[in-house]
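This report refers to the structure that appears directly beneath it.
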């Protein structure tokens, strides 16, 4: 077991879990290497990939990159926590048959709230207070720098930058992933059929659909993964019972907890859940209730749709 994939919708705790595991002496996190996953899919209309798309050429390209990263990082285990991977679990399993998967689940209402904040932040960078308020270059550069800083090796910084900007470096109409969103400002995984949903939904509703589709895709492929190669955790359990859950994860990865490990990990925000009940208005709740309710019930967050 060399490769571990943390899957879950964006804002479900994939980042904090990846950062925690990265502090272990045997583990190195490769932060969202989209330039590897999408090398041959950059101009595809969505982020969903199937096992059939893992052709010999694709398998060779991606597996070689990951093997090289493991060697370069001198780690026994490489962890990837890319949220878009939620839409390609079968594809990943075809490339890495022995990989292990950790599915982190979070209340979809808190996820939707957090995703929307990121969408609004990026729209503010592009438009500010109004459509003609001007593109905020400094904030845009900070977004890019923050992402590049997470790449540990200089060659990957260059590859990531080139992948995101080549052909449109000076064209601000395509900055901040707008190439992925038909020139609009968007963020996160693009599920199959997203254009239709986006056209007929508010941004908030679309963000709710992103959570549902990510979880649906993972759940659909979950039975195909052997029991000893998959683990499911809840974000709420991670932030409230951190050490216990982390020890279970390390046991699953066969990575014994080394001395001083817990003193090195990032601080967990123990009260960082159920914020949706405070920050969403009644009108916003009514917008997303029909979209989220069934999945919330399926996952045990609610008993019925009257929340």
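The values are calculated or read from the model by the stated rules, or taken from the named source; none is laboratory data. Computed from a prediction, not measured in an experiment: that's the story for all the values here. Glycine gets a Cβ as well: all are built from the backbone with ideal geometry, and neighbour counts include every protein chain shown.
Criterion first (under 18 Å from the mean Cα position of the chain (by Cα), part of a loop (DSSP other than H, G, I, E, B) and either crowded, with 19+ Cβ neighbours inside 10 Å or at pLDDT 95 or above (or both)) does residue 28 satisfy it? Before you say what the answer is, go through the steps one by one.
Working: under 18 Å from the mean Cα position of the chain (by Cα): yes; part of a loop (DSSP other than H, G, I, E, B): no; either crowded, with 19+ Cβ neighbours inside 10 Å or at pLDDT 95 or above (or both): yes.
Answer is no for this residue.
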* Could you say whether any residue in region 276-283 is buried (at least 18 other Cβ atoms within 10 Å of the Cβ) and over 22 Å from the mean Cα position of the chain (by Cα)? -> yes
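Checking the structure you have, find out if any residue of region 77-84 is in a helix (DSSP H, G or I), within 18 Å of the chain's Cα centre (by Cα), surrounded by 16 or more Cβ atoms within 10 Å (Cβ to Cβ) and in contact (Cβ under 8 Å) with a residue 60 or more places away in the chain.
Just the residues of region 77-84 that are in a helix (DSSP H, G or I), to begin with: 83-84.
If we keep only those that are within 18 Å of the chain's Cα centre (by Cα) as well, we get 83-84.
Retained after the next criterion (residues that are surrounded by 16 or more Cβ atoms within 10 Å (Cβ to Cβ)): 83-84.
Now drop any that are not in contact (Cβ under 8 Å) with a residue 60 or more places away in the chain, which leaves 83-84.
Within region 77-84, one or more residues are in a helix (DSSP H, G or I), within 18 Å of the chain's Cα centre (by Cα), surrounded by 16 or more Cβ atoms within 10 Å (Cβ to Cβ) and in contact (Cβ under 8 Å) with a residue 60 or more places away in the chain.
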* Structure fact -> By residue number, the members of region 115-126 that are under 18 Å from residue 144 (Cβ atoms) and either modelled with pLDDT of 85 or more or over 18 Å from the mean Cα position of the chain (by Cα) (or both) are 118, 119, 121, 123, 124, 125, 126
* Members of region 247-271 that are in a loop (DSSP other than H, G, I, E, B), crowded, with 17+ Cβ neighbours inside 10 Å and out of contact with any strand residue (DSSP E or B) (no Cβ under 8 Å at 6 or more places or on another chain) -> 265, 268
* **Leading residue by the ranking (surrounded by the most Cβ atoms within 10 Å (Cβ to Cβ)) among those in region 94-107 that are closer than 22 Å to residue 26 by Cα and in contact with a helix residue (DSSP H, G or I) (Cβ under 8 Å, 6 or more places away or on another chain)** => 104
* Structure fact -> If we ask which residues in region 52-76 are in contact with a helix residue (DSSP H, G or I) (Cβ under 7 Å, 6 or more places away or on another chain) and either without any contact (Cβ under 8 Å) to a residue 40 or more places away in the chain or in a strand (DSSP E or B) (or both), their number turns out to be 5
* **Subset of region 284-307 that is in a loop (DSSP other than H, G, I, E, B) and surrounded by 14 or more Cβ atoms within 10 Å (Cβ to Cβ) - its residue that is nearest to the chain's Cα centre (by Cα)** => 299
